[in-house]
Amino acid sequence: MKLSRRSLLKTTAAAAAFATVGLPSFAQAIDELVIAYNVNLPSWDPTVGPSAVNPTIQGFYQSVFDLYIPQNPDLSFGQGIITDYGWNDDQSQIWMDVREGVTWHNGDPLTAEDVVWSLTRAGTAETGNPIQFIWGKVANVQAEGNRVTADVKEYEPTFFKWMSFLTGYILPKKYYEEVGAEGFEAAPIGSGPYMVEKFERNAFVRLKANENYWGGAPEFKTVTIKFVTDAASRVAEIESGNAHVTLEVPYEEFDRLKAKDGIEGVAEPISDIGMIFLNDIEVMTDPNVRKAAAHAIDKQLIVDRLLSGYGVPIDTLQTPDYIAFDDTIKVEFDPEKSKALLAESGFGPDNPVKFTIQTTKGFKPKDYEMVQAIVGLWRKVGIEAEIEVYEIAKHYELRAADTLAPAAFYNWGNSVGDPTTSTGFAMFGPSPHSVWDGQDTFDMIAPLWGEKDEAKRIAGWKAVDRHIAEQAEVIPLLQYVQPILHVAGVNVVPHRSGALLPHLMTRS
Amino acid sequence: MALLRAILVRLLTTAITLFGVAVIVFVVIRVVPGNPIAMMLPPGATEADIARLQMQYGFDKSIFEQFTIWLSGVVQGDFGTSISLRQPVSLLVLNRLPATLELSIVALLIAVLIGGTMALVGTRFRDTGAEGAIDMGAGMALSIPDFLWGLVLILLFGVLWPVFHISGRISPSLDIDFTTNFYLFEALFRLRFDVLADLIGHMFMPAVALAIPLAAIIAQLLKQSLKETMHLDYVTLARTKGYAERTVITREALPNAILPTLTLVGVQFTFLIGGTVIIERLFSYEGLGNMAIDAVINRDLPLIQGIVILFALIFTLVNLVVDMMYVVLNPRLRHA
């Protein structure tokens, strides 16, 4: 075949025609908001199964369902379906007032009976609610008018806080009983700001605004959330204009993209923290080794060099947003003190103390790199740590079996900001999430679980945190900052829980 | 008769292979670290809660007992229920299979088209600069893994010249209800060219990323076979008869030279399906591979088992089909 000018032009025209058939639309005015999300949504029932306790997907649930008690973007508690709540005088009963005039997505009225059914179902072990250990602490849930009451079987100071947290959602009794679990999974309805219009597993969910939402109809009438799990693809999605909002991109890319015309960035601290679990085995039974390890880490340096400044160094498991945060508790960076402590136990740069530190690689931003940097800092003072990389699944298994290495990097989320769900579960020996078995810490924590005096309870947790910091029983590192990129036409309100909520987005 | 017997024997060995795969997968995923129960433990879980969860998912039994229960279900078409997705595994994998098959078939077609063209051009212009350029191109295509090609394509056609979709399989805004999960074939059959264009716009980059390394292999092998064939007597005879070189290559040399390539394409097709795992993830393509990664991350043992068994079944069936095609296309084997 001879290549003539005519045939070349024909070929070029054909190629151009083919290339444009699948061209995405790049509308200037945003009619349909497109979000490139970093995780998949496995299941729609927010109250059962493993998805229910996955903090990263709560944003999806909060778009469709209502929590009993919502949290404002700063983590303070707001008024939701439950407008008011409390304990009776002797704390043997709880009461909740249910908002009137709320409807489900199918138009049915949301009533106090729905709240009774949701709470009773959550507290029944057979239904598979993973937080049943909390919900099961009340019984005999009843409704009278718009007031719901329940008898307290076991006092739980954080009961109402859990109503803003994992599995704390109200589901429609009548609809659920009509369609069953499978039917609900296929066509979920809630009372939240958005209704599910179309759901393709592993691909996208298309949401339609709930015009009757009690909190006011959302500004964007249609929202498509694409599940784009690969960070490089999310960067391409926002850079190409295929998505209007994305999150959890590498910090370097965040800085590069927000400097471009038409793309803006917001980076705020969220309730996730990075920490190093210390297991009280082998050399970690020696307080000098633990304290030396803690004082040898320059957290600010790690935040600045590895996370481009996006992180807040912390010294306890409480972030500044949490109720039991105490800014007087400090674990200073002091390598000389580390050397002195190690010398007391017969260790030093020439005779280093040795142990293993476990970490994930790529599960959280720069997790492996942070541990590498920490090991480098430790080496300078006389600690020789060997890095073992593992998958997050192995971490959970080892932690539950109390067989983590002497040191293990992990991240911890606690959007309700209560000390029980941070220090409590992480440091209380019997918890499957704790590897610390020290008796003194156990003795300090045990009475706090059921403490009815709130001021005394919080003071107690602060004392626990101080003790833990002084004894270096865990090494808190930093509070994560969540990078969110969005086009200039969208205004994004970040939520400290880390949930990206489309109903908080408006046109700018 | 002999062919039928060969097919029956092959089917039997396929069944044995699948059983072996099932045993290995079942045992291995239970032995490697990462207990699914540990991943779903709530903060305040007690020993009783852990025991209840283990019983609920059947992990309180021995591996042998678990395997027997699972196998008896499989025989009846029940592959269990996914832990993370809370749906029947058979339904989940069968819903996803069409997406992966369509992607793999399109990638194969692209690979054959590109690789075949390169081989024919290289043979036509053998011992010239054009052949050198084709060899260099093939070498480069082979030395870069498919996921890197994916990133290059995203940069080129997703960001710099954004003509194709970066993620997904179909645009959420398209209004169509499919009756099957073979979207591409169904859109073609229903003459919905708008949908077809959208599907191609989504599929183009992942398919090309998968196709590039295979195209290079096809180009190299087919060109080598063609060049060897070009020296044979019957080719020389055809040339003596006055046939044009292009006709000699396509009508005389190609039918004989294609057999080794066909075998290779069959084997490589199974690797290509395996390659979809990473590529589907990169492009957020809603296929079996993407689901497999989630299943592994979540330690969703029933789903992992279902996906691996299905992959194994595809691999053995593809090999079976290739063997049959080889017999049909090779007269010496057909008349043996």
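The numbers here are math on the coordinates, done by the rules we state, and not lab data. Remember, predicted model here, so these are calculated numbers, not experimental data. Cβ placement follows ideal geometry from the backbone for every residue including glycine, while neighbour counts extend to all protein chains displayed.
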Before anything else, pin down the relative contact order of chain A: Cα pairs under 8 Å, at least 6 apart, normalised by residue count, whole percent. 19
With label points built 7 Å along Cα→Cβ from the Cα atoms of B:Tyr326 and A:Tyr368, find their separation and express it in nm. 3.9
What ranking do B:Leu113, B:Leu184 get, fewest neighbouring Cβ atoms within 10 angstrom at the top? B:Leu113, B:Leu184
Average Cα contact separation per residue, chain B, under 8 Å, 6 or more apart, as relative contact order %: 26
I'd like the GluC sites (Glu not before Pro) in segment A:81-190 restricted to DSSP loop residues with at most 15 other Cβ atoms within 10 Å, sorted by number. A:Glu100, A:Glu154
If you fit an axis through the alpha-carbon atoms of helix B:301-329 and take the longest principal axis of the Cα set of chain B, what angle between them do you get, 0 to 90°, nearest 10? 20
List, in order, the whole-Hz ³J(HN,Hα) value for each residue of segment A:487-504 obtained from phi through the Karplus relation with A = 6.51, B = -1.76, C = 1.60 and θ = phi - 60°; use x for Gly and Pro. 6, 5, x, 10, 9, 10, 9, x, 10, 4, 6, x, 6, 8, 10, x, 6, 8
Amide H contacts under 5 Å for A:Gly78, restricted to residues at least 5 apart in sequence or on another chain and with H modeled in the peptide plane, are A:Gln71, A:Asn72
Relative to 2.2 N^0.38 Å, what does the C-alpha radius of gyration of segment A:66-171 come to as a ratio? Two decimals please. 1.01
Using the Kirkwood radius over Cα pairs of segment B:58-99, the Stokes-Einstein translational diffusion coefficient at 37 °C and 0.692 mPa s, in µm²/s and rounded to a whole number, is 293
Segment A:325-461: Rg/Rh from Cα coordinates, Kirkwood Rh? 1.01
Label point distance in nm, B:Leu71-B:Thr247, each placed 7 Å from Cα along Cα→Cβ: 6.2
Ranking of B:Arg169, A:Arg121, A:Arg305 by count of other Cβ atoms within 10 Å, fewest first: A:Arg305, A:Arg121, B:Arg169
Binning every alpha carbon pair distance of segment B:2-75 at 5 Å from zero, what are the percents per bin? 3, 13, 17, 18, 14, 10, 8, 6, 4, 3, 2, 1, 0, 0
Hey, got the average number of other protein chain Cβ atoms within 10 angstrom for residues in A:404-411? 0
How high is the FRET efficiency from A:Tyr155 to B:Phe19, r the C-beta distance, R0 41 Å, rounded to 0.05? 0.15
The protein assembly as shown, helix-only ellipticity at 222 nm - DSSP H runs n ≥ 4, -39,500 (n - 2.57), divided by all residues, nearest 500: -15000 deg cm²/dmol
Could you pull out the trypsin sites (Lys or Arg not before Pro) across segment B:29-65 that fall in loop regions by DSSP (anything but H, G, I, E, B) with no more than 13 other Cβ atoms inside 10 Å? B:Lys61
Taking 22 Å as the cut-off for C-alpha to C-alpha distance, list the pairs among A:Lys330/A:Lys462; A:Lys161/A:Lys198; A:Lys299/A:Lys364 that go past it. A:Lys161/A:Lys198
Kirkwood Rh, chain A, all Cα pairs: how many Å? 24.9
Starting from one equal scatterer on each C-alpha and no solvent at all, send me the Debye-based log10 I(q)/I(0) for segment B:179-280 at q = 0.10, 0.18, 0.24 Å⁻¹, two decimals. -0.47, -0.90, -1.13
Tell me, what is the percent relative contact order of segment A:66-171, built from C-alpha pairs under 8 Å that lie six or more residues apart? 30
Rounded FRET efficiency, nearest 0.05, which uses the C-beta distance separating B:Ile144 from B:Arg190 and R0 of 25 Å: 0.10
Counting other beta carbons within 10 Å of each Cβ, put B:Val322, B:Val328 in order, fewest first. B:Val328, B:Val322
Quick one: helix B:89-124 against the long Cα principal axis of chain B, what's the angle to the nearest 10°, folded into 0 to 90? 20
Those trypsin sites (Lys or Arg not before Pro) from segment A:329-383 that are DSSP loop and have at most 12 other Cβ neighbours within 10 Å turn out to be A:Lys330
Taking H as built 1.01 Å from N, whose amide H comes closer than 5 Å to the amide H of A:Gln482, not counting residues under 5 places away? A:Glu268, A:Ile270
Need one value for B:154-166: mean number of C-beta atoms belonging to other chains within 10 Å of its residues' C-beta atoms. 6
Whole angstrom only: what separates the Cα centroid of segment A:143-205 from the Cα centroid of segment B:3-36? 42
Rounded to the nearest Å, what's the spacing between the alpha carbon centres of segment B:68-87 and segment A:396-459? Just the number, please. 37
Report the label-to-label distance for A:Asp304 and A:Glu282 in nanometres (one decimal), using points 7 Å from each Cα along the Cα→Cβ vector. 3.2
Using only alpha carbon positions, build the gyration tensor of chain B, then give the equivalent ellipsoid semi-axes as the square roots of 5 times its eigenvalues, largest first, whole angstrom. 44, 26, 18
Which distance in Å, rounded to a whole number, links the C-alpha centroids of segment B:255-329 and segment A:335-394? 42
Net charge around A:Ile276, counting only other residues with Cβ within less than 12 Å of its Cβ (Lys, Arg = +1; Asp, Glu = -1)? 0
Would you kindly state how much longer the chain becomes between A:Lys198 and A:Asn38 on full extension, computed as 0.36 nm times their sequence separation minus their alpha carbon distance, in nm to one decimal? 55.7 nm
Expected vector for segment A:262-274, Karplus 3J(HN,Hα) from phi with 6.51, -1.76, 1.60 and θ = phi - 60°, integer Hz, x for Gly and Pro, equals x, 10, 10, x, 10, 9, 10, x, 10, 7, 8, 10, x
What is the diffusion coefficient of segment B:201-336 in µm²/s, taking the Kirkwood radius over Cα pairs and the Stokes-Einstein relation at 20 °C with a viscosity of 1.002 mPa s? 122
For segment B:94-203, what is the largest minus smallest coordinate of the Cα atoms on each principal axis, given in angstrom and ordered from greatest to least? 54, 30, 25
For segment A:390-491, I need the span (max minus min coordinate) of the C-alpha atoms along each principal axis, in Å, sorted largest to smallest. 54, 38, 23
